[in-house]
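The structure appears below as structure tokens.
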Amino acid sequence: LDWGDAPDPTYPTLSTSSGASHVIVPGVHMGASIDAEPDGQPDPLALGDDNDGNDDEDGVIFSTQIIGMQAKIIVTTSAAGYLNGWYDFNSDFDWLDTGENFISDHYLSGAGNHFLYYTIPASAVAGNTYVRFRFSSASGLDYYGLADDGEVEDYRVELVDLTGEHKMHFIQWPELSTLGMDVYDLQPRILADDFLCTATGLIDEVHVWGSWKDDIVPVVQPMFRLSIWSDLPMDDPGNPDGYSQPLELLWQREFQPGDYEGFIFAENIEEWWYNPNPWELVFPGDFTCFEYVFFIPDEADAFAQEEGVIYWLSVETLLSEPGEEEFGWKTSYTHWNDDAVWGDDVIVRTEREVAWNELIYPDGHQMHPESLDLAFYINGRLSTPTGIIITVLESDTIRVDWGAVPGATSYDIYSTNDPYADYPSGWTYEGTTANNFWLEEPPLPSTKKFYKVIAY
């Protein structure tokens, strides 16, 4: 019989707990092989079945498991059959709660790799937890008891909480599992991915995740060039390529060392390294993920985007002292719209001057030929109201008017007698309005009053 190895008695693994077991039938299993055990092999790491020297728990590969986000697994089977899965999302050491039988009698049509997608509940508890899979020619299996064929595999996985505020674009978090891949992005190479603006306003913060091949990091920090492009849809009559891509360069800024922050986001990971030209695919290609944060504090330098419009973000990396260092933009487990693209850039960029090529997972990667997206997110703020006009009405009322800010739903009004006072400590909050004007009584004679309007 084949047995599981989740901790017992919290999960039924041993025969005395009616643990899950399968009669071994040649040709009906998960992964590359299956071996027999005399009984369940409970282990805190769910590795008891592997500690006998035969690592047969190779049937499932997990993407990074992010609370509240879509996740994916790749399930490898030797034949057609039914897959069931139980996931202890709330970490209460059982698989009894609603929704924890997250895969129920899912039919896999034949041997090979199968891609399954599911959403991790927002109520899931961060930390380590346990997942059980059972594969068999029979349907209707529970997380315990005997099956006439197939295999049971238990896994300890980590649920990660990466919640955070983001306004302009949903976060495409980096893939940190062994499915993750870094795509070569050293100038003249340029990579780009599309995004949908979810709120009108100024882009003042961009986050990008990536790695350095073989963890060889340059001594002198690189310069990054970030650009925003308009979108050429896949079905546009002027698009000859059959996939969407950047069209017109709308905004560009170069970030020198000191203009951005870079720090280690994750360590001790194993990721793929991919260069589409000249073709190179390596595993493992790096072991450390970096996050780079680019700030645009000056409104005059920021790009103003509009809600509901699709844009493209491109990233180029430039080294002042080129050597053996190579940077790669990391893939994301979150997919939106069309694939990312790559091109070999030129010095002056105008419309259609980059020949864009579609990015998919390459042959040799477990996810080939699935769509490929890159890890980034964009944040921002509403622009500052302009055209402020102060008028004294005949009724001895002050009226403050300003230009409406696209996307704003309310405005906070502040006042001070000293226009050089620190904000907000030196300013008095007057109130909030949904209008683009404000009415109040005038100040005392021989005094001045200055106003500040903040859009939200």
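Test Tyr130 against the stated conditions and say whether it is among the aromatic types (Phe, Trp, Tyr), out of contact with any strand residue (DSSP E or B) (no Cβ under 6 Å at 6 or more places or on another chain) and surrounded by 14 or more Cβ atoms within 10 Å (Cβ to Cβ). Give the steps one after another, and end with the answer.
Details: among the aromatic types (Phe, Trp, Tyr): yes; out of contact with any strand residue (DSSP E or B) (no Cβ under 6 Å at 6 or more places or on another chain): no; surrounded by 14 or more Cβ atoms within 10 Å (Cβ to Cβ): yes.
Criteria not met by Tyr130.
Scan region 3-48 for residues that are within 35 Å of the chain's Cα centre (by Cα), at pLDDT 90 or above and of a type in the set (S, T, N, Q) and jot them down.
Thr10, Thr13
I'm trying to understand the selection: among the residues of region 208-228, which are within 17 Å of Leu374 (Cα to Cα) and open to solvent by less than 20 Å² (accessible area, probe 1.4 Å)? Quick ask: steps written out before the conclusion?
Pass one, region 208-228, residues within 17 Å of Leu374 (Cα to Cα): 208-213, 224-228.
Matches in region 208-228: Val208, Trp209, Gly210, Ser211, Trp212, Phe224, Leu226, Ser227, Ile228.
On the given criteria, is Tyr11 open to solvent by less than 60 Å² (accessible area, probe 1.4 Å) and among the hydroxyl-bearing types (Ser, Thr, Tyr)?
For Tyr11, the condition - open to solvent by less than 60 Å² (accessible area, probe 1.4 Å) and among the hydroxyl-bearing types (Ser, Thr, Tyr) - is met.
Which condition number in (1) within 18 Å of Gln187 (Cβ to Cβ); (2) touching a His at 6+ places or on another chain (Cβ under 8 Å) is the one that Leu281 fails?
(1)
So Val28 fits all but one of (1) within 16 Å of Tyr155 (Cβ to Cβ); (2) part of a loop (DSSP other than H, G, I, E, B); what number is the exception?
The failed condition is (1).
Filtering region 139-170 down to residues that are open to solvent by less than 10 Å² (accessible area, probe 1.4 Å) and at pLDDT below 85, which residue is farthest from Ala126 (Cα to Cα)?
Met168
Go through region 121-149 and give me each residue that's touching a Phe, Trp or Tyr at 6+ places or on another chain (Cβ under 8 Å) and of a type outside the set (Gly, Ala, Ser).
Hits for region 121-149 are Pro121, Val125, Thr129, Tyr130, Val131, Arg132, Phe133, Arg134, Phe135, Leu141, Tyr143.
Only one residue in Val309, Val315 is at pLDDT 95 or above, at negative phi and not hydroxyl-bearing (Ser, Thr, Tyr), so which one is that?
Just one listed residue meets the conditions, Val315.
So how many residues does region 277-319 have that are open to solvent by less than 20 Å² (accessible area, probe 1.4 Å) and part of a strand (DSSP E or B)?
15
Quick check: is even one residue across region 229-236 in a strand (DSSP E or B), surrounded by 14 or more Cβ atoms within 10 Å (Cβ to Cβ) and small (Gly, Ala, Ser)?
Yes, region 229-236 has at least one match.
Quick one: which strands (runs of 3 or more DSSP E) lie wholly within region 346-442 and hold at least 2 residues that are modelled with pLDDT of 80 or more and among the hydrophobic types (A, V, I, L, M, F, W, C)?
Once the strands (runs of 3 or more DSSP E) in region 346-442 are filtered for at least 2 residues that are modelled with pLDDT of 80 or more and among the hydrophobic types (A, V, I, L, M, F, W, C), what remains is 376-381, 389-392, 398-401, 437-440.
Looking at (1) aromatic (Phe, Trp, Tyr); (2) part of a loop (DSSP other than H, G, I, E, B); (3) within 18 Å of Leu250 (Cα to Cα), which is the only condition Trp336 fails?
Of (1) aromatic (Phe, Trp, Tyr); (2) part of a loop (DSSP other than H, G, I, E, B); (3) within 18 Å of Leu250 (Cα to Cα), only one is false for Trp336: (3).
From the list Glu270, Glu254, Glu205, pick out the single residue that is closer than 21 Å to Ser332 by Cβ and surrounded by fewer than 17 Cβ atoms within 10 Å (Cβ to Cβ).
Being closer than 21 Å to Ser332 by Cβ and surrounded by fewer than 17 Cβ atoms within 10 Å (Cβ to Cβ) holds for just one of Glu270, Glu254, Glu205, which is Glu270.
If you scan region 72-91, which residues turn out to be over 29 Å from Pro174 (Cβ atoms) and without any contact (Cβ under 8 Å) to a residue 60 or more places away in the chain? Break it down into steps so the answer makes sense when it comes.
Quick first cut of region 72-91, residues over 29 Å from Pro174 (Cβ atoms) only: 78-82, 84.
Residues satisfying the conditions are Ser78, Ala79, Ala80, Tyr82, Asn84.
Tally up the residues in region 91-118 that are under 17 Å from Ser136 (Cβ atoms), open to solvent by 30 Å² or more (accessible area, probe 1.4 Å) and assigned to a loop (DSSP other than H, G, I, E, B), please.
Residues meeting the conditions: 3.
Anything in region 49-90 that is part of a loop (DSSP other than H, G, I, E, B), open to solvent by less than 10 Å² (accessible area, probe 1.4 Å) and either modelled with pLDDT of 85 or more or not acidic (Asp, Glu) (or both)? List them, or say none.
Passing the criteria: Gly59, Ser63, Asp88.
The values are calculated or read from the model by the stated rules, or taken from the named source; none is laboratory data. Predicted model, so just to flag it, every value in this text is computed and none were measured. As a convention, Cβ positions derive from the backbone with ideal geometry for all residues, glycine included, and neighbour counts pool all protein chains shown. With ligands, DNA and RNA removed, areas are computed over all heavy atoms of the protein, side chains included. Shrake-Rupley method; radii C 1.70, N 1.55, O 1.52, S 1.80 Å.
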